[in-house]
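These notes concern the structure reproduced below.
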Amino acid sequence: MQQHLSINDEVRKFLSQDKLLLIDGQWQESRSEKTINVENPANGDTLSQLIHGGQEDINRAVEAARKAFDSGPWRSMTGSERSRRLWKLADLIEQNTDTFAQLESLDNGKPYTVAKAADVPLSVDIFRYMAGWSTKIHGKTIPLSVPYTPDSSYLSYTLKEPVGVIGQIIPWNFPLLMAAWKLAPALACGNTVVLKPAEQTSLSALKLGELIMEAGIPEGVVNIVTGHGDTGSFLVDHPMVDKLAFTGSTEVGKQIVRGASGNLKKVSLELGGKSPNIIFADADIEAAIEGAANAIFFNHGQCCCAGSRLYVEKSVYDKVLSGVCDFADKIKLGNGFDLSTQMGPLISREQFDKVCSYIDSGKREGAVVQAGGSGLDQAGYFVKPTVLAKTHKNMQVVREEIFGPVVAAIPFSSEEELIEEANDSNYGLAAGIWSQDVSKAHKVAEKLRAGTVWVNCYNIFDASLPFGGYKESGWGREMGDEVLNLYLETKSVCIKK
């Protein structure tokens, strides 16, 4: 069996090409002379070079999206026609599965096998799911309850209309999938988009841009501008943008809210998390151990809903802790093109240093490293899967989002104590419960302040399941029919008969 993947011809060709900006249906040069090196986090090699888009580039992209929305064919197309083109885009992504999986592995560091089995198929599925919604967006008739005059009669109804020009800013942890989560519902509803991918991982978005044009989506409907955070700020501040959709850190989300106040553009945010993962003594302990390990170590811990606070009932705490540590010690770290790799590197030197500093902070505050606890002494930004014991709720490693493969294991004695500690967080994105007592699982799920609660599983996503958070984990929901509310306006019409 082949153990080391080779870069395919399509990826090699794509990496060698100049990376331009997609504006108004054309690949264009930038008005800025700045560039960004694309780095492979597994070894530090330079893969390619991106344009660092400036204010003029954002202006051109927004103007193209504005024109495409105000006078272009996209929003006036029938839902059926938009659906066919989105479905074709899904087919094209699926046909390029190997190419996208390789790009994700090279650019992000994640194992090729994971990208091929999860990131790409889920991206295909969200476009197909949202394509189906294109034909099901409609208002309703509303009978008025107040007779204004004895002989008056009215016909009242609502219309659902696209918001307009959408600015979308996506993170680096799931580059293709986050682009799909954002683009699919916005396009299904008839909006136009300016997409700003993360500067660390823009390759899959640019490749997706090629397929968007091939699928027959009209010029100016999707525009892609690469760049650093200031590029995103120009998009946030732009007065012709009607709505901002952002996925990323809570800190940057708060900056976006402030920036969007200029023209009171609508904002939706999918932000950080510090998710509690709870194991009761009556759980299937072996399944819970594996589930707890995967909840934090999946995607190298670079996951907003990672189960980074592990609460374990005292009577099984030692057994669970030992099991999670054994699991962590056996995870194979390596280059994503090694088909036996289970966990790749962190995204960058900056992230590597941040995660290591959190581990050091935990040690200083009294946490005990039971597994991992350091980086690997080799090229690339590898951090060992880390399990911390003797942690408490006032520690940084328990309160703050680390965004790396670090879990704090905490014992609990009573359900009341557990609920109080689990909810004692600024975040409320996700949670996990492991128990064979169905009644208990339902009761605890209701009490947890989180947008998603997984029971006897973790990290289960589907295009039909809404995803988003309470508190500082964001505003609004991605996926499912709930996401349509983010990209539609409701208009009331009242006609006297």
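The values are calculated or read from the model by the stated rules, or taken from the named source; none is laboratory data. What you see is a predicted model, and the numbers here were worked out from it, not measured in a lab. FYI the Cβ positions are ideal-geometry reconstructions off the backbone, even for glycines, and counts take in every protein chain you see. With ligands, DNA and RNA removed, areas are computed over all heavy atoms of the protein, side chains included. Shrake-Rupley method; radii C 1.70, N 1.55, O 1.52, S 1.80 Å.
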Q: Would you grab the residues whose amide H sits under 5 Å from the one on residue 478? Only those 5+ places off in sequence or on another chain, please, with H modelled 1.01 Å from N.
A: 467, 468
(Q) How large a share of the accessible area of the stretch 62-195, in percent, is made up of carbon and sulfur atoms when the probe is 1.4 Å and the other protein chains stay in place? (A) 56 percent
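Take the Cα gyration tensor of the stretch 228-300, multiply each eigenvalue by 5, square-root it, and list the three semi-axes largest first, rounded to whole angstrom.
On the way: eigenvalues 310, 29, 14 Å².
Semi-axes, largest first: 39, 12, 8 Å.
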Q | Principal axis dimensions, the stretch 1-46 - Cα atoms, whole angstrom, descending | A | 47, 24, 13
Q. Under a point-charge model restricted to the Cβ atoms of Lys and Arg (+1) and Asp and Glu (-1), what is the dipole moment magnitude of the chain relative to its Cα centre, in debye to the nearest 20?
A. 1200 debye
Q) What's the carbon and sulfur percent of the stretch 282-411's accessible surface, probe 1.4 angstrom, rounded to a whole number? A) 46 percent
Q) Between rounded, prolate and oblate, where does the stretch 261-337 land on the alpha carbon gyration tensor, with a ≥ b ≥ c its root eigenvalues, rounded for a/c under 1.5, else prolate if a/b exceeds b/c? A) oblate
Q. Along the charge dipole of the stretch 208-356, which of 246, 324, 277 sits closest to the positive end, that is, farthest toward it, with unit charges on the beta carbon of Lys, Arg, Asp and Glu (+1, +1, -1, -1)?
A. 246
(Q) Is there a quick way to get the dipole size of the stretch 442-497? I mean about its Cα centre, with the Cβ of Lys and Arg at +1 and of Asp and Glu at -1; what is the value in debye to the nearest 20? (A) 380 debye
Q | Percent RCO, i.e. relative contact order, over the stretch 317-414, from Cα pairs under 8 Å lying at least 6 residues apart | A | 25 percent
Q.
As a test of the definition: which semi-axes, in Å, follow for the stretch 123-253 when you take the square root of five times each eigenvalue of its alpha carbon gyration tensor? Largest first, please.
A. 36, 18, 13
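Just to confirm a number: summing +1 for Lys and Arg and -1 for Asp and Glu over residues other than residue 70 whose beta-carbon lies under 14 angstrom from that of residue 70, what do you get?
Working: positive: 66, 67, 75; negative: 24, 63, 161, 219, 242.
Every neighbour counted, the sum reads -2.
Using only the Cα atoms of the chain, build the gyration tensor, take square roots of its eigenvalues as a ≥ b ≥ c, and label the shape rounded, prolate or oblate: rounded if a/c is under 1.5, else prolate if a/b is larger than b/c, else oblate. Present the calculation step by step, with values, prior to reporting the outcome.
Details: a/c = 1.97, a/b = 1.27, b/c = 1.56.
Because a/c hits 1.5 or more and a/b fails to exceed b/c, the chain counts as oblate.
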**Q.** Relative contact order of the chain, defined on C-alpha pairs under 8 angstrom at six or more residues apart (%)
**A.** 18 percent
**Q.** the stretch 1-50 - accessible surface per residue (Å², probe 1.4 Å)
**A.** 63 Å²
Q.
Here is the link list: 182/471; 13/196; 265/491; 160/497; 266/443. Which ones come out longer than 27 Å on Cα distance?
A. 266/443
Q | Cβ-based charge dipole, the chain, positive-most Cα from 452, 37, 14 | A | 452
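How much FRET efficiency would the formula 1/(1 + (r/R0)^6) give for residue 59 and residue 153, where r is the Cβ-Cβ distance and R0 is 45 Å, rounded to 0.05?
Details: r = 50 Å, r/R0 = 1.10.
Computed FRET efficiency for residue 59 and residue 153: 0.35.
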Q.
Using the Cα centre of the stretch 24-124 as the reference point, and only Cβ charges (+1 on K/R, -1 on D/E), how large is the resulting charge dipole? Debye, rounded to the nearest 20.
A. 480 debye
Q. What residues from the stretch 209-245 fall in the zone where the backbone N is under 17 Å from a label point 7 Å along the Cα-to-C-beta line of residue 261?
A. 236-239, 244
Q) What accessible area, in Å² to the nearest ten, does a 1.4 Å probe give for residue 212? A) 0 Å²
Q) How high is the relative contact order of the stretch 188-316, in percent, with contacts defined as C-alpha pairs under 8 Å that are six or more residues apart? A) 19 percent
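What 222 nm value per residue comes from the helices of the chain, counting each DSSP H run with n ≥ 4 as -39,500 (n - 2.57) and dividing by all residues, nearest 500 deg cm²/dmol? Each step should come with its number before you reach the end.
Values: 15 runs with 181 residues, N = 497.
Using -39500 (n - 2.57) per qualifying helix, the result is -11500 deg cm²/dmol.
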Q.
What does the net charge come to around residue 242 if you take all other residues with beta carbon closer than 10 Å to its beta carbon, with K and R at +1 and D and E at -1?
A. +3
Q. Which listed residue (408, 495, 383) has the Cα farthest towards the positive end of the charge dipole for the chain, taking +1 on Lys and Arg C-beta and -1 on Asp and Glu C-beta about the Cα centre?
A. 495
